[in-house]
Every structure is written in structure tokens, then in C-alpha cells.
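Trainee: Mind having a look at this structure? Questions to follow.
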Amino acid sequence: MARAAESVEHEIERLRRAIEHHNHRYHVLDDPEITDAEYDELFRRLEALERDHPALVTPDSPTQRVGAAPASGFATVTHRQQMLSLQNATSREEVEEFDARIRKFLARDAIAYTGEPKMDGVAVELVYEQGVLTVGSTRGDGVTGENVTANIRTIKSVPLRLRTGGRAAPRLLEVRGEVYLPLDAFRALNREREEAGLPRFANPRNATAGSLKQLDSRITANRPLDLVCHGVGEVEGASFATQAELLAALAAWGLKPVPQSRVLASVDEVAAYHDDLAARREALPFEIDGVVVKVDDRTLQRRLGQVSRSPRWAVAWKFKPRQATTRVLDIFPSVGRTGVLTPAAEMEPVAVGGVTVRNASLHNMDEVERKDVRIGDHVVIERAGDVIPYVVEVLTERRTGEERRFHMPQHCPVCGAKVVRAEGEVAYRCTGADCPAQLKQRLQFFAHRGAMDIQGLGEKLVEQLVDTGLVKHLPDLYRLDLATLVELERMGEKSATNLLAQIEHSKQTTLPRFLTALGIRQVGDATAKALAEHFRTLDAVVAAPVEALQEVRDVGPEVAASIRQFFDEPRNARLVKQLVAAGVKPAPVERAHGRLAGKKFVLTGGLASMTRPEAQRRIEALGGRVVGSVSKETDYVVVGTDAGSKLKRAEKLGVARLDEDAFLALLGDA
DNA sequence: TAGCCTCGAGTTCA
DNA sequence: CTCGAGGCTA
């Protein structure tokens, strides 16, 4: 028993030291070593131990205060009322417990809540005296923060004087809010920094903290920070019955209230609100890491009061973290279709945003060197914006000295050919003309939907065909027969027959598909289509001199040279000849005409009545074009379910939007 | 010559 | 989906 108590004491002390350390890194140095999720984990563990062992709680425990001492350089501001932090919840069960606690405390059956997105930024307080902004400060440790008035004043959405519509302003108004950097501004800032040779910010919150702590407010003024408000501290000369009323009053005074807030009548509605925001998270123009649930009635809020460091009437329901830290086990190059060696990191499996991640591409050597990722490093990984994980930053302070740098091999790991880096290019390329890795990728690209469209020829089969030597060059595909195919693993007579039919079918292709399938550098499906429309026949494309190629829309000197170089290479000329000899017949396509001739479409989200490639075909059949990104040149954005950032951009640029019904009507479907 | 627009290329997990 | 870069246009 005594020994158990000792070990608990030991663990509490260890946790406190760790939390104090990370507090300092985060709040004072703006340079955290661990993710928020890991920090929260430590904090929760300490809270749990202290709850179970109240005798061990001391006033200097990190649980007994909010943050750490402010960095030097700014004057200190004492908040009239302590700026509290929120209790966290990570599941519906915990929110139900929160609701049950409150109902029990107040002896009520039902409580109305307000839901707000939990903005991932920097918490601040603005003080308005007689309606004039006098002080802006960071939260700091909750009791005292830093005076960042000059920087706050640069934020466009912060009124320097409240709008009162002729009536008297409140004598005193302390507003609590969150400063953040909108995502597009964050990306633009990182691009600029990269060009200037400065390190990138790991995430918008770090960028916000860095911007807000500039001693020179002219720098801050160049960062398009924004501030939204979600609460008040001390107020004289005004009062609000509910949180919703408070937000409305702030808005009336010209402040920006937290967007997308809602009054919620039950835990069910709270859960629906949470799920809705979680689903729309990626499409929002700012980062959020959860929702904040507050008791709406301010009188009830006062009755509930607070427990040590947080109000009893609010809880932050956090989303599953999209960031996580893990360790790089190995870095190895993979060989792509064009021979490019792409370094990839193999990591200890870790859960991020609901899936287990093991691999992440490191894109190229410049990236590896810029981030200085080494084998054995602890890294922060993220699945932001899209699904694909990437390494955000290396936690250099966790290095032990055992880490190994990755060097690009001088010879291809698959075929042993020399690896070269062309002048002015970031990519390293395998020069092996018969590299099996390249052949596999090229074969798969050849069979791809947008190219020859050979269904059933997937990764596994390609692997077998190349490894068994059945396919040494692309034209070998057209010499396969039933007897050899059925020898392969997992290949019966039925699937072999189907595959042969698909291969046979692919011979009746179109010129643009065929040109795409060849895999000419810088020629994708759009350029292939333009070439086909311009030259009409394969022979004409193959024979075209550079000057003629440049007459094609979107083909300049670079692309023209690349095309010419491809066909001038004897092995490529032979490849084209052999494919044609094998029976491949690329048919010319009609020039674009039709009802939608010259119209540009962008597709976003999913459609119920057809797939995206199908929608593209339908549009093109009527002479329209489908492009990947929205610009003011775009004629229509087709908005499906779960539309992404393209819809936002369309709204901003005032581009016409079509829902599925309107789109079908345009296509001429009933 | 700069800035916009579009295209190409690479890519993870279930 | 996003980034980098080629090509086009004001």
C-alpha cells in the first residue's frame, strides 16, 4: 500500500514537471515540442490522479493555474476577471455526463445550450472604455497576459470604437475572443516565407501566435489576422440574458461574433451540431479543433460558477486530432512512372483523424533537406485538407544522436541503373531504360481509365506480368494469350478471358486517349486532347516539327520540345509502331462543338445520378470543358453533395453554381 | 514582365 | 487535393 502511494506521488511529480516544461515551450517560446493531443493527455492524467488523491494537490500544480508566465518584451496586463480555459470532452458520453452534472446541479430537466466552433487560434481580451478600444491582451496565464494592443489594432475586424447607433456606449466592456489566421492567408504567408528563404509555420495557430507577438506592429499589419468574439469579462452599463443575446449585442457593436453559432435544445442537438461541423471542417476557411458548448442562460451560468480553472457551464468537445507524432523507422526511395525517385517515410503506425497511418511521401530531396527529416526522428504528421498524410515538422529536441540522414542512392534500387539529377530540377531520375519499376508504373498508367481503359489490369496483376517476364515492353500486352494467363496466381479461366476481352477492346481507342497513354512528359489528358484536335491523326502528331507543335493551344517551347524529344527517341518510335502493328487504332476526334462549346465547368462534390468521369464525358460530348480549379473564367461550378473549397471560391468570384437538378437540365435530361 | 490560369504529377488507406 | 511550373494575357 505504502509503495503504491509512493509511486503515485512520483508519477504526479513527473507529470507536473513535464507539463510545466511544455507550458513554457508553448506559451512563452511559441515553440511546442508535442502536439495538443499529447499535452491534453498529460494534463488529463494529472487531473485524474489529483482527483483520486486530493491530499496530493498543491497550489503550485499546473492544474491550479491556466498557463505560464508571459514572454518578456511586452508590458503585462492584469485581467479584471480571470480568463478561464475550458474542460475538454472527446466523446458524446463525456458531453452527456456534462449535461447530467448541470441538470443535477440546477435540478432541471432540460437545459438550452449554445454551440460555437472552437477556433484554433490565440485567445485574447479587448477592453473598451466608454466605447473606445484601450487595451488588447493575450490570455497569458489567465490572470496576467501581454499587452499586444498595437498588434490587435492592426486587425481589420476589430473596431477601434464601438458602433452604438447614437446611444451611449457601455462604460466598460471586456470582450473575449480568438485571433486566428484564415487558411488561405496562412498558405499565402508560407509561400512568401518559402520564397524569402524563411522557415514555414507548422500550422495557422503557430503563425497567429508568431504574428501577434511581433514587437514591430508593422509586420503584424501585413498578416491578415482576424478576430472573432465569443464572450465577455467585466461589463458595466450593459447586460445580456443569454449567450445568444450576448453574441448579438457584440455584433451590434461592430465586433465580429464567432460564426456558425446555434442555440441547441438538447444533447441530441448538441451532437448533431458537433457532427455537422466535424463533417464540414475541411471546407471551412479557418481551422477549428472542436465545438464549444455553453449553457445559454447567463443567470444559470452564474449559478453554476467555476471549478478551479474552468467554468462549470461550458465544455470544449474536441474533434479527433488530425495531427499526431510518431517515429520515422526508415526512409526509402520509390521509382515512379517517369523514373523519378520519390523518398517516402515508413513510420510507426499512428492514428490520425480516424485512420492508421504508416507511410508518408516526402516528395523530393529538397523537402527532406528543408525539413531535415532523418531516420529515427520523431515527427509531427498531419492529414490536413485532404486525406494524404504528410510530415509537418521534425521534433529536433527529441533527437538522441542515433538518427541517420537519408541520401539518395546513386543507383536505382530496382534496376541498378545510374541515378541522375538534371540541371535545375529537384527530381532524381533512374536512367534505366528497362527498369521494371518504371515499366510497372507505365503499364498501369497505360491501362488507366483516362488512357487505354483496360479494366481488370490493376496493381497486383501488373506486378505479376512484369515479374514473370510476360510483359517486357508495353506492346507485349497485346500478345498475351489464355494459356499463359491462367498460369498466374489468382487468375482463372473466367477472369483471364475477361481481361483478354478488355485488352482487345482497348484497341478501339481515340487519339487523345492513345497520346495520353504513351506517357509523354508534360502531356496529360488536356494537352493530348488539344494535340489530337489540332493534328487529327497520329502520323501528323509524330511527324510534327517543334514549330508546328507550338501552334497548339497550351503548348509552348517546353512542352513542344518534350513531345519532339519523345518521338525522336528510337525506342519510342518503335513502341508506337509496334502498338499500331498489334492492332491499336486511335480514332480521330471531332473538334469541340455543340451547345456547351467553349464553356468551362468545375465539378465539386458527388452527384447522385452519375460518377464524375461520366459527368465529364457528358459535358465534353456537348463541347464543354472540365477544368480542375475555379477561376473567373469558369462558366459553371457543378455543386454536388459534400462540396469542397471550390464552392467557397465560386461564391467569392461570383461564378454561376448549378445543383444537380440544374446541371441535368442543362445537359438536357428531364 | 507580372500575375493569373491551367495542367501534370504524385499519392494514403480501406 | 495540392503544389510547382509552363503558357497565356494584360
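The values are calculated or read from the model by the stated rules, or taken from the named source; none is laboratory data. For clarity, every value in this text was computed on a predicted model and none was experimentally measured. Note that we place each Cβ from the backbone using ideal geometry, even for glycine, and neighbour counts take in every protein chain shown.
Trainee: Would you confirm, using the coordinates I've provided, whether A:Ala451 is surrounded by 12 or more Cβ atoms within 10 Å (Cβ to Cβ) and in contact with a helix residue (DSSP H, G or I) (Cβ under 8 Å, 6 or more places away or on another chain)?
Mentor: Yes, satisfied.
Trainee: Follow-up. Looking at the range A:607-670, what helices (runs of 4 or more DSSP H) fall wholly within it and have at least 2 residues that are touching a strand residue (DSSP E or B) at 6+ places or on another chain (Cβ under 8 Å), over 30 Å from A:Pro182 (Cα atoms) and in contact (Cβ under 8 Å) with a residue 12 or more places away in the chain?
Mentor: A:612-621, A:660-667
Trainee: So, one more: Could you check A:Arg337 against (1) more than 13 Å from DNA strand B (Cβ to nearest atom); (2) outside any strand (DSSP E or B); (3) over 30 Å from A:Ala643 (Cα atoms) and say which number it fails?
Mentor: Checking A:Arg337 against (1) more than 13 Å from DNA strand B (Cβ to nearest atom); (2) outside any strand (DSSP E or B); (3) over 30 Å from A:Ala643 (Cα atoms), the one that fails is (1).
Trainee: Of all residues being within 24 Å of A:Leu84 (Cα to Cα) and surrounded by 15 or more Cβ atoms within 10 Å (Cβ to Cβ) in the range A:160-175, which is nearest to the chain's Cα centre (by Cα)? Just the residue, please.
Mentor: So in the range A:160-175, the residues within 24 Å of A:Leu84 (Cα to Cα) come out as A:170-175.
Those still in the list that are surrounded by 15 or more Cβ atoms within 10 Å (Cβ to Cβ) too: A:170, A:172-175.
Details: A:Pro170: 42, A:Leu172: 41, A:Leu173: 37, A:Glu174: 35, A:Val175: 31 Å.
Top of the filtered list is A:Val175.
Trainee: Another question about this same structure. Taking the range A:529-583, which residues are of a type in the set (Lys, Arg) and either in contact (Cβ under 8 Å) with a residue 40 or more places away in the chain or within 16 Å of DNA strand B (Cβ to nearest atom) (or both)?
Mentor: Residues satisfying the conditions are A:Lys529, A:Arg536, A:Arg553, A:Arg564, A:Arg571.
Trainee: Residues to consider are A:Gln616, A:Gln578; find the one that is polar (S, T, N, Q) and within 16 Å of DNA strand C (Cβ to nearest atom).
Mentor: Only one candidate passes the filter, namely A:Gln616.
Trainee: How about the range A:221-238: which of its residues are in contact (Cβ under 8 Å) with a residue 40 or more places away in the chain, over 14 Å from A:Leu126 (Cα atoms) and surrounded by fewer than 22 Cβ atoms within 10 Å (Cβ to Cβ)?
Mentor: Matches in the range A:221-238: A:Ala221, A:Arg223, A:Pro224, A:Glu236, A:Gly237, A:Ala238.
For every residue, the table says whether it meets (1) in a loop (DSSP other than H, G, I, E, B); (2) touching a residue at least 24 places away in the same chain (Cβ under 8 Å); (3) within 16 Å of DNA strand B (Cβ to nearest atom); (4) more than 30 Å from A:Asn203 (Cβ to Cβ).
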residue: A:Glu369; (1), (2), (3), (4): no, no, no, no
residue: A:Ile381; (1), (2), (3), (4): no, yes, yes, no
residue: A:Phe406; (1), (2), (3), (4): yes, yes, yes, no
residue: A:Val419; (1), (2), (3), (4): no, yes, yes, yes
residue: A:Phe445; (1), (2), (3), (4): no, yes, yes, yes
residue: A:Glu463; (1), (2), (3), (4): no, no, yes, yes
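Trainee: Taking the range A:485-517 only, how many residues are assigned to a loop (DSSP other than H, G, I, E, B) and among the β-branched types (Val, Ile, Thr)? Lay out the reasoning, then the answer.
Mentor: Here is the first cut: in the range A:485-517, the ones assigned to a loop (DSSP other than H, G, I, E, B) are A:486-492, A:506-507.
Then keep just the ones that are among the β-branched types (Val, Ile, Thr); that gives A:486.
Qualifying residue count for the region: 1.
Trainee: I would also like to ask the following. Only one of these is farther than 21 Å from A:Ile152 by Cα and not polar (S, T, N, Q): A:Val232, A:Val292, A:Val228. Name it.
Mentor: Of A:Val232, A:Val292, A:Val228, the one residue that is farther than 21 Å from A:Ile152 by Cα and not polar (S, T, N, Q) is A:Val292.
Trainee: Considering (1) within 15 Å of DNA strand B (Cβ to nearest atom); (2) within 23 Å of A:Gly624 (Cα to Cα); (3) in contact (Cβ under 8 Å) with a residue 12 or more places away in the chain; (4) not aliphatic (A, V, I, L, M), say which one A:Pro588 fails and leave the rest.
Mentor: It is condition (1) that A:Pro588 fails.
Trainee: Only one of these conditions is not met by A:Val589: (1) modelled with pLDDT under 80; (2) farther than 29 Å from A:Gln502 by Cα. Which number is it?
Mentor: (2)
Trainee: Oh, and also: With respect to A:Lys585, is the statement that it is in contact with a strand residue (DSSP E or B) (Cβ under 8 Å, 6 or more places away or on another chain) and exposed (fewer than 15 other Cβ atoms within 10 Å of the Cβ) true?
Mentor: So A:Lys585 passes the test.
Trainee: Hey, another quick one. Go through A:Val95, A:Val132, A:Val127, A:Val122 for me and flag whichever is loosely packed, with under 15 Cβ neighbours inside 10 Å and β-branched (Val, Ile, Thr).
Mentor: From the options A:Val95, A:Val132, A:Val127, A:Val122, the qualifying one is A:Val132.
Trainee: While we're looking at this one, here's another question. In the range A:245-273, which residues are under 21 Å from A:Leu126 (Cα atoms) and touching an Asp or Glu at 6+ places or on another chain (Cβ under 6 Å)?
Mentor: Passing the criteria: A:Val258, A:Ser261.
Trainee: Please enumerate the residues belonging to the range A:472-484 that are under 39 Å from the mean Cα position of the chain (by Cα) and either in a loop (DSSP other than H, G, I, E, B) or surrounded by fewer than 18 Cβ atoms within 10 Å (Cβ to Cβ) (or both).
Mentor: A:His473, the sole residue that qualifies.
Trainee: Tell me whether the range A:448-457 contains one or more residues that are assigned to a loop (DSSP other than H, G, I, E, B), in contact (Cβ under 8 Å) with a residue 60 or more places away in the chain, closer than 28 Å to A:Gly628 by Cα and charged (D, E, K, R).
Mentor: Yes, the conditions are met somewhere in the range A:448-457.
Trainee: Restricting to the range A:198-213, count the residues that are out of contact with any Lys or Arg (no Cβ under 8 Å at 6 or more places or on another chain) and part of a loop (DSSP other than H, G, I, E, B).
Mentor: 4
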